[in-house]
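Supplied in structure tokens, the structure appears directly below.
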């Protein structure tokens, strides 16, 4: 009895071994039955066949990203950093198939999706819908502080999009959400800087004022004569009235233009007239005060016979025919103050 059992057992074992070997030979390049990838059966398929079948189910490689029903991006998944791990899933299924004992076990493998977050973020940030936050700043313009307040920005929620892709990697469309992005620097953060900048402005203004005062001192020379005298600085287009060391008044003037310059030098007022007339130019010169014969003199802005009077906007600009023009009020003051014989010094 025992002698009969032994050959039968050996026969069964040999059969099973032969079956295992035959199955292993047949399945050496194939995936075991009951194997799915993303619920797609790849049983009995080679790696290439499995790849082709899965790709056929996901033939559309295009994806659209939308916000408020507007397309922000439409194009290849790969271009925005979504890389399918189909081969990775197939290799995993194939490795499970190396053990023939798994032949009766159902196997469902998910395709991993690798997302390049940097690439995805760069695509989203290139959209014109993005509003980057702006930091507050303080600028100096014309010695004044200009405050520019901060403003919040809007950016797409990349983390939310990645979560959507991981949940449904083969969707053809994903909706975008936005989040408010706060600036890193606010006006409240710049108060100390504002105080420091104001100190800089105050210092610059003080230096500027000092330079201007020094320049004015250089333009005029007190005490050139003991009594009354006039001094005209052609470079600054100003006239100063002095009594010895004391400056009595200062006025803006208009001297001769470049083609007809007012002559520099030291002269005296040699005659005065309430209203002189220039036959050469056909105009009147109120409060005339000559200092070189009757050719050059001080006078108010000229008047034409029809009543037109030159505007004061020319004062401070050398535009005359060589005389020195003053405003109507200034000419009246100087005319009443000077006497025939009063010295007048003209320089650049």
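The values are calculated or read from the model by the stated rules, or taken from the named source; none is laboratory data. Nothing here was measured: the structure is a model prediction, and the numbers come from that model. Note that we place each Cβ from the backbone using ideal geometry, even for glycine, and neighbour counts take in every protein chain shown.
Can you go through 318, 222, 286, 261 and tell me which one is assigned to a loop (DSSP other than H, G, I, E, B) and surrounded by 18 or more Cβ atoms within 10 Å (Cβ to Cβ)?
The conditions single out 318.
Follow-up. For residue 90, are the conditions met, namely being surrounded by 14 or more Cβ atoms within 10 Å (Cβ to Cβ), touching a helix residue (DSSP H, G or I) at 6+ places or on another chain (Cβ under 7 Å) and assigned to a loop (DSSP other than H, G, I, E, B)?
It is false that residue 90 is surrounded by 14 or more Cβ atoms within 10 Å (Cβ to Cβ), touching a helix residue (DSSP H, G or I) at 6+ places or on another chain (Cβ under 7 Å) and assigned to a loop (DSSP other than H, G, I, E, B).
Something else now. Residue under question is residue 160, and the condition is that it be in a helix (DSSP H, G or I), over 22 Å from the mean Cα position of the chain (by Cα), surrounded by 12 or more Cβ atoms within 10 Å (Cβ to Cβ) and without any contact (Cβ under 8 Å) to a residue 24 or more places away in the chain; does it hold?
Spelling it out, residue 160 is indeed in a helix (DSSP H, G or I), over 22 Å from the mean Cα position of the chain (by Cα), surrounded by 12 or more Cβ atoms within 10 Å (Cβ to Cβ) and without any contact (Cβ under 8 Å) to a residue 24 or more places away in the chain.
If a residue has to be over 46 Å from the mean Cα position of the chain (by Cα) and under 15 Å from residue 320 (Cα atoms) to count, how many in the stretch 240-254 make the cut?
Going through the stretch 240-254 one residue at a time, the tally reaches 0.
Does residue 123 satisfy the condition of being within 19 Å of the chain's Cα centre (by Cα) and either surrounded by 13 or more Cβ atoms within 10 Å (Cβ to Cβ) or modelled with pLDDT under 90 (or both)?
Taking the combined requirement at face value, the residue does not satisfy it.
Condition first: crowded, with 17+ Cβ neighbours inside 10 Å and under 54 Å from the mean Cα position of the chain (by Cα). Now tell me which residues in the stretch 334-348 satisfy that.
Within the stretch 334-348, 345, 346 meet the criteria.
Does any residue of the stretch 167-187 turn out to be under 30 Å from residue 118 (Cα atoms) and in a helix (DSSP H, G or I)?
The answer is yes, given that some residue of the stretch 167-187 is under 30 Å from residue 118 (Cα atoms) and in a helix (DSSP H, G or I).
I've got another one for you. Hey, does the stretch 45-52 have a residue that's over 41 Å from the mean Cα position of the chain (by Cα), buried (at least 16 other Cβ atoms within 10 Å of the Cβ), outside any loop (DSSP other than H, G, I, E, B) and in contact (Cβ under 8 Å) with a residue 40 or more places away in the chain?
yes
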